[in-house]
Amino acid sequence: MIRKATKTDLGSIMEMVKATVEVMKEEGNDQWSDEYPLPSHYEGDREEGSLYVYEMDGTVIGAATISQKAHEEYERINWSSDEPFYCVKRLAVDPHKRKKGVGLAFYHFAEVVARKNGIYYLKTDTYALNKAAIRLFEKAGYQFVQEDYTDEHDHPFYYYEKRLNRLGQN
């Protein structure tokens, strides 16, 4: 079940993020570190009402931010549209609960949130070394837009988008 995160979820989220960073390091992926994402990122997301958790049997096993606030580099990406959008970011899934559809559930849930608010355009991104995220985006029907480099990483980030059909239209 996906629900809005509460303040009491933050400890579980950060434990999951720490475990995720370790798995990323083992895979040679330096997208996340001890410097990002921080508790303050998730707390800010929670305060603005954009942080969600996936709960199974009373345990938080996933978290994601679904927000109309994007990372600052989104301004230099050649998106196909400048219409309002939702962005899925800071997705973390308990490494012991992966491959159970949790990540994909967040991307489907983002579509529900967007449509509920009259938005029909979604954006997301990941680091070039994050092969699992790239597969997830493709499975969720996102289209590659472009790659772009940041000062903090040696490899590019990949930017994706998805246009949603308006309900009742093909």
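No lab work stands behind these numbers, since they all come straight from the coordinates. Since we're looking at a predicted model, the values are computed, not measured. Counting neighbours? That spans all protein chains shown, and the Cβs are built from the backbone with ideal geometry, glycine included.
For residue 127, the residues whose amide H sits under 5 Å from its own are 158, ignoring neighbours fewer than 5 places away on the same chain, with H placed 1.01 Å from N. For the chain, taking the reciprocal of the average inverse distance between every pair of different Cα atoms yields a Kirkwood hydrodynamic radius of 16.3 Å. For the chain, the mean residue ellipticity at 222 nm estimated from helices alone is -9000 deg cm²/dmol, where every DSSP H run of n ≥ 4 contributes -39500 (n - 2.57) and the total is divided by all residues, rounded to the nearest 500. Averaging Cα coordinates gives a centre for segment 15-94 and one for segment 131-166; these two points are 14 Å apart. The alpha-carbon positions of segment 68-147 define a convex hull whose volume is 99 Å³ per residue.
Counted by Cβ distance under 15 Å from residue 45, the other residues give a net charge of +3, where Lys and Arg count +1 and Asp and Glu count -1.
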